[in-house]
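So the structure is just underneath, and the comments pick up after that.
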Amino acid sequence: MGQNSLERPVEEWLGEIEDATIRKKALKARRNCSAKDVKTVNSKKKAISEGFHWSQTIEGFNYWHEFHNSIDNLKQTIDNKDNKDNKQNKLTKTEENGRKKGQIIKVKSLYLQSSEELEKQAILDELEDAESQLTEDTRKTERALRDAKRDLKDVVRARPFNSNNIIDAKNEIKALEDGLKELKELKKLF
């Protein structure tokens with residue numbers, strides 16, 4: 001189940017993810033991905049990075065970024081340990097395998113802990129983004145309302161007198177005022 005230089009379908013690589021929960025999430029994300037430009041890749045890591053859009057999944061960008069990085073960290077940890085063990089020739093094959101399994105469990109445990117924290121943080125980030133967007137929308141609506149009131153004054157002064165333009169300007173002001181009221185009500189939720 002290691003990486004090789006053969007191009008294979010993204011789904012095959014995702015199917016080789018050791019953790020069953022993560023494997024299911026990755027395959028589901030691939031199935032739900034609207035843009036499947038990448039059909040084949042040459043590694044599990046590329047399947048994760050190019051097989052679907054991280055930010056469009058329930059887990060979010062940070063979750064997949066963390067997992068993506070853990071693939072390198074786990075491989076590097078095992079490779080470094082293998083080199084050290086081979087040079088020193090102090091460990092038997094059984095002891096070496098035991099150490100690898102211990103490292104995998106340790107990295108997996110750290111990953112699971114941090115993925116829960118990342119999911120919580122992603123939710124908090126989404127709320128913060130929503131609040132920022134709401135603040136920005138409120139600011140833009142207030143500016144548009146000021147502009148619409150200025151435009152109404154110009155329309156009233158315009159010659160020849162045009163009642164339709166005045167009605168349209170007043171309707172725009174009313175719509176902006178209603179929208180601003182709704183935005184302020186939404187802001188109370190935060």
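The values are calculated or read from the model by the stated rules, or taken from the named source; none is laboratory data. It should be emphasised that the depicted structure is a prediction, and the values quoted were computed from it without experimental measurement. FYI the Cβ positions are ideal-geometry reconstructions off the backbone, even for glycines, and counts take in every protein chain you see.
Being over 18 Å from Lys188 (Cα atoms), out of contact with any Asp or Glu (no Cβ under 7 Å at 6 or more places or on another chain) and hydrophobic (A, V, I, L, M, F, W, C) is the filter here, so list the residues in segment 128-150 that pass it.
Ala144
Got a sec? Which of Arg150, Arg159, Arg143, Arg139 is over 30 Å from Thr57 (Cβ atoms), basic (Lys, Arg) and not in a helix (DSSP H, G or I)?
Numbers: Arg150 fails: not in a helix (DSSP H, G or I); Arg143 fails: not in a helix (DSSP H, G or I); Arg139 fails: not in a helix (DSSP H, G or I).
Only one candidate qualifies: Arg159.
Of the residues in segment 20-39, how many are surrounded by 15 or more Cβ atoms within 10 Å (Cβ to Cβ), out of contact with any Gly (no Cβ under 9 Å at 6 or more places or on another chain) and not in a helix (DSSP H, G or I)?
So the count comes out to 0.
Cβ-Cβ under 8 Å, sequence separation 6+ or interchain: first residue in segment 105-131 and more than 19 Å from Ser55 (Cβ to Cβ) and not assigned by TED's automatic domain parsing to the domain that holds Ile17, partner assigned to a helix (DSSP H, G or I) and modelled with pLDDT under 80. Which pairs?
Val107/Asn73; Val107/Leu74; Val107/Thr77
Taking the conditions exactly as written (part of a helix (DSSP H, G or I), aliphatic (A, V, I, L, M), modelled with pLDDT of 90 or more and more than 30 Å from Ile71 (Cβ to Cβ)), does Ala130 satisfy them or not?
Judged against the criteria, Ala130 is not a match.
For segment 67-87, check the following and say yes or no: at least one residue is modelled with pLDDT of 75 or more, within 21 Å of Ala122 (Cα to Cα), in contact with a Phe, Trp or Tyr (Cβ under 7 Å, 6 or more places away or on another chain) and exposed (fewer than 15 other Cβ atoms within 10 Å of the Cβ).
No.
Within segment 10-19, which residues are among the acidic types (Asp, Glu) and outside any helix (DSSP H, G or I)?
Selection gives Glu16, Glu18, Asp19.
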